Amino acid sequence: MEDILEIEARIAALKEHLGKRVCIVGHHYQRDDIVKFCDHVGDSLQLIQQIPHLAAEYILFCGVSFMGETAALLARKDQHILLPVQQTSSRTVGLPTARQLEAVLSDLRSRGHTFLPLVYVNSSIELKAATGRHGGAMCTSSNLRRMLQWAFRRSSHVLFLPDRNLGRNTALQMGMTPEHWHVLEVDEQGLKQGVDQPLDRHLLLWPGYCGIHEAYTPSMVQDMRFAHPGCRITVHSEANPEVVALADAAGPTSFLILDAQEAAKSGKTPVLVIGTELNLVSRLRKKFMNVCTIRPLLDTQAQCDNTAIVEPAQLLSCLQDIEKGTACGISLTDEDKAAATLSVTRMLEACGPASIR
């Protein structure tokens, strides 16, 4: 096996050789050995919004395939989006297929209910395309509240998929109560038959959830407060509402990073506990170790989004393909691309530059 230092040296040399032809972007959840080679690091919304404005011919997207495919929707004709590794994220449990979404919307219409869909960024192109064809839009954890407001201006009934926790937490922030929403019971054929469900609620939520953030429990928050009196606890808004209620604050990845920066800057938070993906927490802990103690809410390998992680050897291979002229960018069918682009552009038009936090 090639020595990691040799691999990193070759990456640095190739990156310099290729110059402005190449731009490497990476999600916050990548490890440090990839982040250090990234020209831009951000959450999914921050990264995809930059794509059309980048001068590079080749854009290496270090993240899950879903994000790279979304970037390809916005890329110019002279740009090629490359994925060093083709992987979908297993973080989301119960992620629907486009066929399931079509079946559920059809079932709802047959029962006299018309819902406008909103789909989370971490979903397939086919799912985004189905959403676009039904007049809906894409959203991210950082702009869901704004996109729900957008959707409710167009329909009194909205279906958000797939993250039930993010949907409930955002609805609570908007002043809604559990009487306003319902978490659907579904199967492969659509709505689960023989189950009486309140389908006339203003907000229907797909029953999917993030496996990393679902793992947090109220007792974990309470145990941290006991172990570290006076600590500040922040969690991702994909955590259960019961956990969010006990935390000091909750929000998307970009919020958690900014909050850590503020805690370190103020010097008033001796211990900051963060409930999100472990690679990010570890990076923040190293960055602010001299001014603030940062701890993960749950310290286990299961808290790493390993499916979103690019290995240095894979990044090197991608750069070598560019040098050899054999690199192949993401290819999308014209039909799915047109419909999926609708769902993305509706989000960008609704949010604008202010959506980058």
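Listed here are the residues, each with its yes/no results for (1) buried (at least 18 other Cβ atoms within 10 Å of the Cβ); (2) polar (S, T, N, Q); (3) under 19 Å from residue 277 (Cβ atoms).
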residue: 60; (1), (2), (3): yes, no, no
residue: 68; (1), (2), (3): yes, no, yes
residue: 97; (1), (2), (3): no, yes, no
residue: 106; (1), (2), (3): no, yes, no
residue: 110; (1), (2), (3): no, yes, no
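Pairs are defined by a Cβ separation below 7 Å, a sequence spacing of at least 6 or placement on different chains, a first member in the stretch 58-80 that is free of Cβ contacts under 8 Å to residues at least 40 places away in the same chain and more than 18 Å from residue 39 (Cα to Cα), and a second member that is among the polar types (S, T, N, Q) and surrounded by fewer than 20 Cβ atoms within 10 Å (Cβ to Cβ); the pairs so defined are 65/86; 65/87; 65/88. Could you check the stretch 274-297 and list, in sequence order, the residues that are over 12 Å from residue 233 (Cα atoms) and under 20 Å from the mean Cα position of the chain (by Cα)? Once the filter is applied, which keeps residues that are over 12 Å from residue 233 (Cα atoms) and under 20 Å from the mean Cα position of the chain (by Cα), the stretch 274-297 yields 277, 278, 279, 280, 281, 282, 283, 284. Picking from residues in the stretch 226-276 that are of a type in the set (Ser, Thr, Tyr) and either in the same structural domain as residue 44 (by TED's automatic domain parsing) or not in a loop (DSSP other than H, G, I, E, B) (or both), the one that is farthest from residue 140 (Cα to Cα) is 266. Residues that are at pLDDT below 90 and surrounded by fewer than 18 Cβ atoms within 10 Å (Cβ to Cβ) are absent from the stretch 279-297 altogether. Here residue 145 does not qualify as basic (Lys, Arg), surrounded by 19 or more Cβ atoms within 10 Å (Cβ to Cβ) and either assigned by TED's automatic domain parsing to the domain that holds residue 193 or in a helix (DSSP H, G or I) (or both).
Look at (1) touching a His at 6+ places or on another chain (Cβ under 6 Å); (2) free of Cβ contacts under 8 Å to residues at least 40 places away in the same chain and you find that residue 247 fails only one, number (1).
Scanning the stretch 307-339 for residues that are acidic (Asp, Glu), under 25 Å from the mean Cα position of the chain (by Cα) and over 21 Å from residue 30 (Cα atoms) returns 334, 335, 336.
If we scan the stretch 322-343, do we find a residue that is of a type in the set (Asp, Glu), within 18 Å of residue 58 (Cα to Cα) and surrounded by fewer than 20 Cβ atoms within 10 Å (Cβ to Cβ)?
Yes.
Looking at the structure I just gave you, is residue 302 outside any strand (DSSP E or B) and at pLDDT 95 or above?
Working: outside any strand (DSSP E or B): yes; at pLDDT 95 or above: no.
In short, no.
Those strands (runs of 3 or more DSSP E) of the stretch 31-111 in which at least 1 residues are closer than 16 Å to residue 331 by Cβ, considering only elements entirely within it, cover 58-62, 80-82. Screening residue 17 on (1) in a helix (DSSP H, G or I); (2) surrounded by 14 or more Cβ atoms within 10 Å (Cβ to Cβ); (3) touching a residue at least 40 places away in the same chain (Cβ under 8 Å) shows it passes everything except condition (2). When you check residue 44 against the structure, is it within 25 Å of the chain's Cα centre (by Cα), of a type outside the set (Phe, Trp, Tyr), modelled with pLDDT under 90 and crowded, with 18+ Cβ neighbours inside 10 Å, yes or no? So residue 44 passes the test.
For residue 125, the conditions (1) more than 17 Å from the chain's Cα centre (by Cα); (2) closer than 26 Å to residue 213 by Cα; (3) of a type in the set (A, V, I, L, M) are fulfilled apart from (1). Any residue at all in the stretch 225-244 that's free of Cβ contacts under 8 Å to residues at least 40 places away in the same chain and crowded, with 22+ Cβ neighbours inside 10 Å? Yes, because at least one residue in the stretch 225-244 is free of Cβ contacts under 8 Å to residues at least 40 places away in the same chain and crowded, with 22+ Cβ neighbours inside 10 Å.
The values are calculated or read from the model by the stated rules, or taken from the named source; none is laboratory data. Since this is a predicted model, take the numbers as computed values, not measurements. Neighbour counts run over all protein chains shown; Cβ positions are idealised from the backbone, glycine included.
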